2 protein chains.
Amino acid sequence: MVLDIQREIFAAENRIRSHIRETILDFSLPLSKMTNTNVYLKCENLQYTGSFKVRGAFNKLLSLTSDERQQGVVTASTGNHGAAVAFGIYKLKMPGIVFVPENASTTKVDNIRNYNAKLEFFGADWLQTETHALNYAKQHNMIYVSPYNDLNVIAGQGTVALELIKQLNAIDVVLVPVGGGGLVAGIAAYLKSVSPKTQVIGCLPQNSPVMAESIKAGKIVDMETLPTLSDATAGGIEAGAITFDICKEFVDDYILVSEQEIKNAIIAIIKTQHLLIEGAAGVAVASLLKNAKQFQNKNVVIILSGANISLETLKQVIA
Amino acid sequence: MVLDIQREIFAAENRIRSHIRETILDFSLPLSKMTNTNVYLKCENLQYTGSFKVRGAFNKLLSLTSDERQQGVVTASTGNHGAAVAFGIYKLKMPGIVFVPENASTTKVDNIRNYNAKLEFFGADWLQTETHALNYAKQHNMIYVSPYNDLNVIAGQGTVALELIKQLNAIDVVLVPVGGGGLVAGIAAYLKSVSPKTQVIGCLPQNSPVMAESIKAGKIVDMETLPTLSDATAGGIEAGAITFDICKEFVDDYILVSEQEIKNAIIAIIKTQHLLIEGAAGVAVASLLKNAKQFQNKNVVIILSGANISLETLKQVIA
C-alpha cells in the first residue's frame, strides 16, 4: 500500500509541479517561544485559491485520458475543493461544471465565480446537489471529482510532504487538519515511507471528529456533528472512503480541540504572523497550543491548510 | 545618478539575496475584474518580519566594514524598520540596540522582542528617543541605521524592482506606498533605468502626504500631519533626505487617498485574497481602486509593503 501511494505521489509531483506553488515553510520564533518547541508553518494558506486543494484537483485533472479530458469534469462543492476544481478547469481550459445548492451563500459562490468556472445551481440541500452532480456526470460521460475519496486526489495532497522533506531536515511531528482525510492520508503515507520516525497527528474539531471516532470504532461511523469554525473539515465521511484505511495504517494519533481553542489559534496566527487562516488551519495550530508539553524541544510542522475565512467569520473570531 | 543607484541595487542584490525572500507576485483575478485592469500583487507582506524593510536593513548591515560590524548598530523605531534591524542583528549575530520611547506600546515592543533584539527604553517622545539614539551611536562609535535616508537602505529596497522585472514582462504601472520614500526611490530608480515606460506612482494618505507636498513645493516641507491607518508612512521627512531628489527625478505621479479608502482597500484584500495587509499597503491598493479608470487594461503592480496590522486596528477596520 505505502509503496503504491508513494509512487502515485511522485507521479503527482511531476504532473502538477508547474501548476502549483511550492509554499513557504515559515519558522515562527514567537510561536516557538510560546510553546518551547520549534514551530514551522507550512503555508498552504498561500497556495493558489487559498488552500492545498489545488494539488489534488490538478492531479486528478491532469491524470485524465485525453478522451476524459475532452468530456470534462463535474464536482459539487462551494468550499475549497470547488474553488480548486474551478481554478483547474480554468487554467487547463477544459470543460467542467461545479454544482452548488440553490441556497448557497453569495460569498462562497463568488469565490468559485472568481475562477470563471461554469456554475450550476441545483437542489435544496447538499445531498440533492451531490446526487444530481453524480448523476449528471454519469449521464454526460463526465468524470466526477471527489474531494477526498480518490487516490489521485490523495496523491496530489501528498505532494505537501514531498516539499516538507526538502524544506526541513529533521521533522519530529506534523500536525494536519482532518476532515475526509485526503490531506492527512497523502502526507502520512509519504512521510512514513521516507521518515518513519516522524509522528503524523490528525487534528479535528471536537464538534466534528468523524475520522478520529471512526478509527476508534474500527470502521467509518455515521454520527451527528455540530457546526464548527473548521467548516473545511466538517461533516461525515463517505461510506467506503479509501482515506479510512490509509489513516488507520499511517496516522499515529489524533487531537481534538474546542471551538474556543480554534478561535484562539486563529487570533494567535494573526498576532504573531499577521496571516489569515481559516478554521481548519486553526484546528492544527490549536492542537499544538493545547498539547505543547507533549512536544517540548521538538521540530513541529503545522499544516496551515487554508486561508479562506469569510469577513463575517473573521469578525466573529476577533470580536 | 540613475546608474549609481542601479549599481548599488545590483550590489545589494548580491549581498542580501540569501537573507531575504523572493516574494510572490500574485495575479489577482477578482481585483482585475473589479477594476478592468490586470492586477499583480507584490507580496512584501510575506517578507521576513512582515515588511520589505528587511531588504534595506540587511543591505546596510552587510555593507559595513568588519570594524563597523564589530562595533554594532543603533536604530530608533518601534515599527517595521525596528523589527527589520532587530531581525538583521539577530540573524547576523552582531551587536546592536533598538531604542524605543518609554511609552511605546507593548504590542510594538513585543514585535521587536520577537527577534531577540537588545531593546532600550529612552525618552518621553520620538524626538528624544531618536536624538538619544543618534548621540549614543556617536559616543559608542556605532553606526546609526536610518529608515530611509541612506543610499544602502534605498538600494536594498530597490531589490523589489529587480524581482518584479524577473516576474512580469510588461509592467505598465507600479503603485508604491510612500513615507520617507526609501521604497519608492529604490523601485523608481531601478525601473526607470531598465523599463523607462513603466509609470511609477507614489501613493500616500491624505492625512500625511508629506513627500507629495514636498515635490509640489520643490523642497522638503515641514507640515502638520494627521493620524492615519498608514502608520508605516506617517510623519515628516528629515531635512536633506536623499530620497527627495530621487523621487523628484524618477517618480511619475502621486495619488492621495482618504482613511475610508484605506479601510475599504484592506477589506478588499481580506475578501478577495484572504491576506492581511497593513495600512501602508492599503494605501497602494486604494490608489488603484480609486483611479481604476486611469489604468484600464494595463498591467498594474501593487506593492503590498507590509502585513503588520495590529489586532486592535484590524478590529476597527472590519467593524
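The values are calculated or read from the model by the stated rules, or taken from the named source; none is laboratory data. For clarity, every value in this text was computed on a predicted model and none was experimentally measured. As a convention, Cβ positions derive from the backbone with ideal geometry for all residues, glycine included, and neighbour counts pool all protein chains shown.
At-a-glance table
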| quantity | calculated |
| --- | --- |
| Unmet requirement for B:Ala212, which otherwise passes all of (1) on the phi > 0 side of the Ramachandran plot; (2) outside the structural domain of B:Pro101 (by TED's automatic domain parsing) | (1) |
| Residue identified as surrounded by fewer than 18 Cβ atoms within 10 Å (Cβ to Cβ) and modelled with pLDDT of 95 or more among A:Phe58, A:Phe27 | A:Phe27 |
| The one condition in (1) surrounded by fewer than 24 Cβ atoms within 10 Å (Cβ to Cβ); (2) more than 14 Å from every other protein chain (Cβ to nearest Cβ); (3) touching a residue at least 40 places away in the same chain (Cβ under 8 Å); (4) of a type in the set (Ser, Thr, Tyr) that B:Thr225 fails to fulfil | (3) |
| Any hit, segment B:298-312, residues being surrounded by 19 or more Cβ atoms within 10 Å (Cβ to Cβ), more than 10 Å from chain A (Cβ to nearest Cβ) and out of contact with any helix residue (DSSP H, G or I) (no Cβ under 9 Å at 6 or more places or on another chain) | yes |
| From the options A:Glu44, A:Glu68, A:Glu13, residue that is touching a helix residue (DSSP H, G or I) at 6+ places or on another chain (Cβ under 9 Å), surrounded by fewer than 24 Cβ atoms within 10 Å (Cβ to Cβ) and of a type outside the set (Lys, Arg) | A:Glu13 |
| Any helices (runs of 4 or more DSSP H) falling wholly within segment B:10-94 and containing at least 3 residues that are closer than 22 Å to B:Leu119 by Cβ | B:53-62, B:66-71, B:80-92 |
| Matching entry among B:Ile270, B:Ile266 (being touching a residue at least 40 places away in the same chain (Cβ under 8 Å), within 13 Å of chain A (Cβ to nearest Cβ) and more than 25 Å from B:Gly180 (Cβ to Cβ)) | B:Ile270 |
| Residues located in segment B:273-297, provided they are of a type in the set (S, T, N, Q) and within 14 Å of another protein chain (Cβ to nearest Cβ) | B:Gln273 |
